[in-house]
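Working notes for the structure below.
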Amino acid sequence: MAVKKENKKKSTGKKTFAVIDTKVGSYEKHPFFIKKANEAKALLKAVGLPKKTAKA
């Protein structure tokens, strides 16, 4: 089924994926994110990464 010309989105150029505000601080040292990062590191250490990627 073809898309009608009037239904096609017109490209407006680059998309903005994030709005960065200098007033907002960094959450890098927030306890929640530190805990989650440590859990992920422990999981990777215990399980490890696969040797080969899965074939689709």
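Any read-out appearing in this document is the output of simple, stated calculations on the displayed coordinates, not a laboratory observation. Here the structure is a predicted model, which is why all the values come from computation and not from measurement. As a convention, Cβ positions derive from the backbone with ideal geometry for all residues, glycine included, and neighbour counts pool all protein chains shown.
A simple rule links phi to the HN-Hα coupling: the Karplus curve 6.51 cos²θ - 1.76 cosθ + 1.60 with θ = phi - 60°, which for region 43-49 gives 5, 5, 5, 6, 9, x, 9 Hz, with x for Gly and Pro. GLU28 label point, 7 Å along Cα→Cβ, cut-off 13 Å on backbone N: hits in region 39-55? Correct set: none at all.
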